[in-house]
There are 2 protein chains.
Amino acid sequence: MADFPLAPGSTLGVLGGGQLGRMLALAAARLSFDVVILTPELDSCASRVAARTLLAEFNDEQALKALASAADVITFEFENVPAGVVETLERLGVAVAPGARSLAVSQDRVEEKTFLNACRAATVDFAAIDSAADISAALDRLGAPALLKTRREGYDGKGQTWVESHADAEAAFARIGGVPAILEARAEFARELSVIAARGRNGEVVAYPLGENHHENGILRRTRAPAIVSSHVQEQAEAIAARVLIGLDYVGVAGIELFEFEDGRLLVNEIAPRVHNSGHWTLDGCEVDQFEQHVRAIAGWPLGPVAALAQVEMENLIGAEIDRWPALIGEADARLWLYGKDEARDGRKMGHINRMRPLERG
Amino acid sequence: MADFPLAPGSTLGVLGGGQLGRMLALAAARLSFDVVILTPELDSCASRVAARTLLAEFNDEQALKALASAADVITFEFENVPAGVVETLERLGVAVAPGARSLAVSQDRVEEKTFLNACRAATVDFAAIDSAADISAALDRLGAPALLKTRREGYDGKGQTWVESHADAEAAFARIGGVPAILEARAEFARELSVIAARGRNGEVVAYPLGENHHENGILRRTRAPAIVSSHVQEQAEAIAARVLIGLDYVGVAGIELFEFEDGRLLVNEIAPRVHNSGHWTLDGCEVDQFEQHVRAIAGWPLGPVAALAQVEMENLIGAEIDRWPALIGEADARLWLYGKDEARDGRKMGHINRMRPLERG
């Protein structure tokens, strides 16, 4: 295992070649770390700013060996790393952060909600589902409509469906492919918020100001941050973040999605054990952004400040929206991040823009 | 020739693989541009964040052809690009920014000072020197001591010597190798300042607030910015920058070193036709830093804002000073940039630190 803090010039391994990996690589470069990307994607957008790329499937044993021998610490940019990969890397004697437990918890929605409630981070009521009959039984307790999601995989609104009534149980289970699932009580929340938090190797936890998130078609459309929230809500969110990160013995940055209710109560929707789209506002709104914060954490460096320096509205540029670039590059008080992806497919995140204004004091 | 503004995903070519090339590559990546580095240095620090590297001497015809065919626009990170390289690239039909004229002027100190005075950017008095006899003759006009510098090459205080008297002329000429030179009148300046300015493809010129520079052993030690200067000095500097950049039909960022005298008069010391060490404070002190500004300019994008958001003291980390990293990474209110160079040789710039505090209103 490497000695922490990692010395300048050390090498970080990243599983995944998407925009989060790209922005991690840029942050790592600032601090002199070389980055090795492992991805099955040819010419991935992260590869193009990394020192080296291993082009292979994530569970390719040879590639994992090469990664473990090249890297002083390994991280990932998405939570659906195949089971066993982190165990393999750890067996090869390289540090992985965040660790196997964080992945296991966030990969399975039932495990996740069970963990969250166990560490006093409340969620909506839920039931584990293995059959249409389970749905019917759970509906009595959770009420209808309820949200049926696959236990594993699924992102940006994929792999989920509403169950309208008992009569819909069978069809709903079929709609998600008849795989192990979770049924979640409907949450009549007022807003979706998220907190980006980090935990260092010394156990220190920091949390950025909250973001207020707006989704369209299951995809994050925009984040406004710092969200204007009561101090009660900010404190709850920070307490939740601390409980979750300590509970997972976490190292690195995590995104925690929250439901805020009219009465100021917060429930946790889900944990992303990685840098998070709703934290992109920190790239221009904070002295140390979520990417550098993650690099600092996994390298065993002291965490940086998390205060907001500006009010930011982050808007994702999705699919063909990237074609608006001639107007976007001339926008005053806006900071553009384009990911260098070749093909502007529907629903593909191509970039984002951070529109800036002076800080509001809440 | 490419169409400007360059579309996202276009490719920038950079001559040189040092830290300036590295920080240019990072800025380019933010805006989705791929970077191809041409450098003779194996595993250069810029290569490690670039999409591709051509490992060759700068005047290697095949490499220049490959660069010209890969890149939509080409720039450089140092001014001593061999004569003919830019002409070769332009002949190959690729845009080079800034152009051949800017390089020619800045590569030859006599040409440079002649140009500067012609565009009403005053310098110290000087004389072209081709022999010890020329030195003797010039001393009568310029006074002793006077500063003898090689016309070409030389940086960080190398290739220059003081001529103390007529008796010293022969020895001084020998000390700089008996090559074509310039003799400069001694400037009894109060401070060294610099202005980082940019000119876009549409002719727009912007200038960052001035930096106050402190050198040690001929190497930049620290820059304080924005320098506290009179509005008269700031205006003079902006006027000088505009005259120089317009005079050169410049595209990109330039660093202009200035001498400030007690009476508020400014003389130009020299022009660097590239991003400049004394502009590193903009990385954390401005919304758009000099590297992104250069990328925007050469890509034909609108220039970004240049206002300072904070007071910055930039300190270079030179040679073994990098060994102070365990303390530096924990410094509050400081932002660290480490260049990922392997060997901490004497005088080698290994990184810099930007120490931040709230803006002073001058």
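The values are calculated or read from the model by the stated rules, or taken from the named source; none is laboratory data. Keep in mind it's a predicted model, so treat the numbers as computed, not measured. So basically every Cβ, Gly included, is an ideal-geometry build from the backbone, and we count neighbours across all protein chains shown.
A few points about this structure:
- Pairs linking a residue in the range A:202-218 that is over 11 Å from residue A:278 (Cα atoms) to a residue that is surrounded by 21 or more Cβ atoms within 10 Å (Cβ to Cβ) and charged (D, E, K, R), with Cβ atoms under 6 Å and 6 or more positions apart or on different chains, are A:205/A:199.
- Odd one out for residue B:303 among (1) away from chain A (no Cβ under 14 Å); (2) assigned to a loop (DSSP other than H, G, I, E, B): (1)
- Residue check: residue B:7 meets all listed conditions (1) of a type in the set (Gly, Ala, Ser); (2) within 14 Å of another protein chain (Cβ to nearest Cβ); (3) not in a loop (DSSP other than H, G, I, E, B) but one, namely (3).
- Filter result for residue B:17 (farther than 28 Å from residue A:324 by Cβ and either more than 7 Å from chain A (Cβ to nearest Cβ) or in a helix (DSSP H, G or I) (or both)): yes
- Test for residue B:354: is it of a type outside the set (A, V, I, L, M, F, W, C) and within 13 Å of chain A (Cβ to nearest Cβ): yes
- Of the numbered criteria (1) in contact (Cβ under 8 Å) with a residue 60 or more places away in the chain; (2) surrounded by 24 or more Cβ atoms within 10 Å (Cβ to Cβ); (3) in contact with a Lys or Arg (Cβ under 6 Å, 6 or more places away or on another chain), the one residue A:284 fails is (2).
- Enumeration of residues in the range B:244-275 that are within 17 Å of residue B:99 (Cα to Cα) and outside any strand (DSSP E or B): B:244, B:245, B:246, B:247, B:248, B:249, B:250, B:251, B:273, B:274, B:275
- Residue, farthest from residue B:83 (Cα to Cα), within the range B:22-56, restricted to residues that are more than 12 Å from every other protein chain (Cβ to nearest Cβ), under 21 Å from the mean Cα position of the chain (by Cα) and surrounded by fewer than 22 Cβ atoms within 10 Å (Cβ to Cβ): B:41
- Selection status of residue B:123, out of contact with any Ser or Thr (no Cβ under 6 Å at 6 or more places or on another chain) and part of a strand (DSSP E or B): no
- Evaluation of residue A:197 against (1) surrounded by 21 or more Cβ atoms within 10 Å (Cβ to Cβ); (2) more than 16 Å from residue A:288 (Cβ to Cβ) (one fails), failing number: (2)
- Answer residue from the range B:100-113, given it is of a type outside the set (A, V, I, L, M, F, W, C) and surrounded by 18 or more Cβ atoms within 10 Å (Cβ to Cβ) and is nearest to the chain's Cα centre (by Cα) among those: B:106
- Residue match in the range B:64-77 (condition: within 10 Å of chain A (Cβ to nearest Cβ), farther than 28 Å from residue A:354 by Cβ and not in a loop (DSSP other than H, G, I, E, B)): no
- The range A:167-195 residues that are assigned to a loop (DSSP other than H, G, I, E, B), paired with ones that are among the charged types (D, E, K, R) (beta carbon under 7 Å, 6 or more apart): A:180/A:130; A:180/A:151; A:189/A:260; A:190/A:260; A:190/A:262
- Among the residues making up the range A:312-332, those that are surrounded by fewer than 19 Cβ atoms within 10 Å (Cβ to Cβ), more than 8 Å from every other protein chain (Cβ to nearest Cβ) and farther than 17 Å from residue A:216 by Cα are A:323, A:324, A:327, A:328, A:331.
- Residue in the range B:134-143 that is farther than 15 Å from residue B:185 by Cα and at pLDDT 95 or above present: no
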